[in-house]
Amino acid sequence: MIESKNLELIFTALDRQISVSSGARISLVVCGGTALAALQLVARTTKDVDVLGSFKKGQIVKIGVFPEWLKAAAAKVERDFNLPADWLNLGPESQLDTGLPKGLLKRLVKKVYGNFLTIFFISRIDQIHFKLYASLDRGGYHVEDLFKLNPSEVELLAASRWVLTQDVSVGFRMILISFLKKHGYEKLAGKI
Amino acid sequence: MATKNSPAKFKEYLQEGFLVLLWRQWRTLGITAYSPETKQLIDLEALILATSIAAEQDQRLWTAVIRWLACFQDWVNQARLKRMSAAFIKPDEYLKKPLIKKEIWQEVELLLSTTLSSKKTTTNTSRAKRTLTPPLLKKPPLLQLYLRGIFGVNARAELILFLLVNGEGNSNQIARETFYDQKNIYVILERWAESGFVTKESRGKQNQYSLDSGDVFLQSNISSSSFWSWPPFFQLYSRLLIAASSPPWSNDPYLLSSLFRDVYPQAMSISKKNRLLFPDPKLFPGDNYFPPMSQKLLDLLKSSL
């Protein structure tokens, strides 16, 4: 499992493996539980690293399929740290098609793990956006993560407006209003 | 300062052990040295390859070996050496570079090619008289050369060695482990079976061959030597030596640990013969594998001397 205390080791190991896999420099944009742990926003374990895309020339671009050398390097790290298969994945990449919260690029937090690997973690405010969307869509531990981020009303309002751009249906708006009311944000629900 | 379990110490002990192993074997083959002779059976072609890997780390040994080859190259099975060398001169699966440097291997090839290297051979031969004695074939570790003395420098010596050490085998297995062509091994085994020198037993799709104990005249030689399958052994330790000596592995316990995991199956297969157990990689994530595995690998090297 990945947690804040071994995250540094795992990414550094990935950098070292890239160096011996004839790899190239790469910058990955990471969201999800790994980003929460890396920025010490929420202390919890996660089984994988969700990659949104690669960071090139100030933009997040789709990767599609990881290059072979990165797959080989990730496979070594998987074995060396007893991580689950597909621990490094492009699961959230489709988010690039539906749109990112405004200003996300400027808020990315950069961490360099060696000569080859740089990770850009999404910030707390963007986590609130994604976690609100995931809470409405899937619920479960995402709800817990969202409130552990201790969002302010202003932040939740911005996140609410963004999630409504992801699903414009009336039904989804009702789900959002109901969710906000349920969690004590009646005033905010009225502004949606 | 390097600690006991540091990559620097590992490299130091590994290099020292590897060179001691080579010196002991070459001493047994007739190179003058202070080190004691080995008691293990020697595989000449595997030893040449291993020494080529360490050539830059011990120039004195390399010079002596070049002289030995100049004088006694008739004992070398060049076809077998060439076949065996394939794994050492192409880029290694894990290190992504050849285990033997191109220029070193070219020197060996040039020396063994008598027509091209006659001048160099003459020079080496005259110098060699001061530092070499001809291999004494009656020494148990030189059983391979002894058999070559009887049967000639061909597959028969290794075939008998294989059967003496392993008891039995099929032609595919023997060819693979002795670095000969399977057809060649099969033809010899069939002839020997017809003459009653070996016993043939059909098991499934394969015929198993074993030496007929009545005809074995070499058992006393083998009994004093525990056999090492030197080509995989040297390949394993060459990888380790090169990694421990060159960046990015040399100062990185994690990358060395990862390489240890890569070679774990090979190390297990080699160590089966002396019942040395290696730590399970799954129990030591990341660089935690370095201390226990490096120690076991050094123990295995020590037990091979």
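Derivation of every value follows stated rules applied to the coordinates shown; laboratory data play no part. The shown structure was predicted, so the numbers you read here are calculated from the model rather than taken from an experiment. As a convention, Cβ positions derive from the backbone with ideal geometry for all residues, glycine included, and neighbour counts pool all protein chains shown.
Here are a few things to note about the model shown:
- Rounded to whole Å, sorted largest first: equivalent-ellipsoid semi-axes of chain B, Cα gyration tensor: 32, 26, 17
- Segment A:46-192 shape via C-alpha gyration tensor axes, a/c threshold 1.5: prolate
- Kirkwood Rh in Å, taken over all unlike Cα pairs in the protein assembly as shown: 27.1 Å
- Cβ-based charge dipole, segment B:140-223, positive-most Cα from B:Gln144, B:Ser202, B:Ile185: B:Ile185
- When +1 charges are put on Lys and Arg Cβ atoms and -1 charges on Asp and Glu Cβ atoms, the dipole computed for segment A:4-122 relative to its Cα centre reaches about 460 debye.
- Full-extension gain in nm, A:Lys191 to A:Arg107, via 0.36 nm per residue minus C-alpha separation: 27.7 nm
- FRET efficiency estimate (nearest 0.05) - Cβ-Cβ, B:Asp299 to A:Val61, R0 45 angstrom: 0.35
- As a size descriptor, the averaged projected area of the C-alpha convex hull of segment B:140-223 was calculated at 5.2 nm².
- Per-residue 3J(HN,Hα) values for segment A:181-190, derived from phi via the Karplus relation 6.51 cos²θ - 1.76 cosθ + 1.60 with θ = phi - 60°, read 5, 4, 9, x, 10, 4, 4, 5, 4, x Hz in sequence order (x marks Gly and Pro).
- For a straight C-alpha distance cut-off of 24 angstrom, the lysines reachable from B:Lys302 (same-chain residues fewer than eight places away being disregarded) are B:Lys4, B:Lys9, B:Lys11, B:Lys39, B:Lys139, B:Lys272, B:Lys273.
- Each 5 Å bin from 0 upward holds the following percent of the Cα-Cα pairs of segment A:4-122: 2, 12, 23, 27, 22, 11, 4, 0.
- ³J(HN,Hα) computed for each position of segment A:91-108 - Karplus, 6.51 cos²θ - 1.76 cosθ + 1.60, integer Hz, glycine/proline x: x, x, 4, 5, 4, 5, 6, 8, x, 10, x, 4, x, 4, 4, 5, 8, 4
- Amide H contacts under 5 Å for A:Val30, placed H, 5+ residues apart: A:Leu52, A:Phe120, A:Phe121, A:Ile122
- The 3J(HN,Hα) values that the Karplus relation (6.51, -1.76, 1.60; θ = phi - 60°) gives for segment A:56-69 are, in residue order, 9, 6, x, 10, 9, 10, 5, 9, x, 9, 4, x, 4, 5 Hz. Gly and Pro appear as x.
- Most mobile listed residue (A:Ile60, A:Ile175, A:Ile119) in chain A, GNM with C-alpha springs under 10 Å: A:Ile175
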